[in-house]
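Contents: one structure, followed by commentary.
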Amino acid sequence: MPTPEFLPLDTRAVNVKSFDCGKDAINTYLRRYAAKNMALNLNRTFVLPYIPEAHAPKEGSGKSHVAAYYTLAHQTLVREELPDPSRLPRYPVPVILLAQLGIDRRFHRQGLGAKTLVYALRHAYQIASNPKGIPALGVVLDVLDQDALAFYQSFDFFLPLTDNPMKLFLPIASLESL
């Protein structure tokens, strides 16, 4: 059973090698790059740990496993990419990038994907709306494939960016009520 909250990735406490969401790019990112990118201060990855059942293999000796994870980073977009650019300045505007989101196969079809997405979006809102945080116009997602696109579109609040239908946008103001 997963713990009740997401925590910053700490590979000393969490076994990332056992994570398998069924998508090689998402698995590889967590296993090889997430901790390195955090050390370089490029982004932050947050994991939902769980302790395997007694009958599960004890990989990583004493470490928790990852039920789900997401990665947030900062990015800029030029106004022409955005769905409604009319009121924006002519220079790039800050957004929060939901760079990665993955759910381990052991937790598929249990609602954890939606919970992880909502948690990540709330986290992005906290960062952008906190006076001590970093402001952002919205959240951007670079969608991996058609399966992921269908998942995100099922929430009916993402807007496609004008230059790329596999890149979605959500205004930060719309997250206030989430």
Next on the checklist: Can you say whether Ala128 is at pLDDT 95 or above and over 13 Å from the mean Cα position of the chain (by Cα), as far as the supplied structure shows?
Outcome noted: yes
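Thr71 - would you say it is more than 30 Å from Val14 (Cα to Cα), modelled with pLDDT of 90 or more and part of a strand (DSSP E or B)?
Values: more than 30 Å from Val14 (Cα to Cα): no; modelled with pLDDT of 90 or more: yes; part of a strand (DSSP E or B): yes.
No, not satisfied.
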Checklist entry - Out of (1) modelled with pLDDT under 95; (2) in contact with a Pro (Cβ under 8 Å, 6 or more places away or on another chain); (3) over 22 Å from Arg44 (Cα atoms), what's the single condition that is false for Phe107? => result (1)
Checklist outcome for this item: Apart from one, (1) under 20 Å from Tyr125 (Cα atoms); (2) under 14 Å from the mean Cα position of the chain (by Cα) all hold for Ala34; the odd one out is (1)
Item to check | Positions within the range 77-92 being out of contact with any strand residue (DSSP E or B) (no Cβ under 6 Å at 6 or more places or on another chain) and either in a strand (DSSP E or B) or among the acidic types (Asp, Glu) (or both), in sequence order | outcome: Glu80, Asp84
Item to check | Every pair of residues 6+ apart whose Cβ atoms lie under 9 Å, when the first sits in the range 146-167 and is without any contact (Cβ under 8 Å) to a residue 60 or more places away in the chain and closer than 23 Å to Thr76 by Cα while the second is in a helix (DSSP H, G or I) and among the polar types (S, T, N, Q) | outcome: Phe157/Ser174; Met166/Gln146
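The values are calculated or read from the model by the stated rules, or taken from the named source; none is laboratory data. The structure presented is a predicted model; accordingly, all values stated were derived computationally and were not measured. Methodologically, a virtual Cβ is constructed for each residue, glycine included, from the backbone with ideal geometry; neighbour enumeration extends over all protein chains shown.
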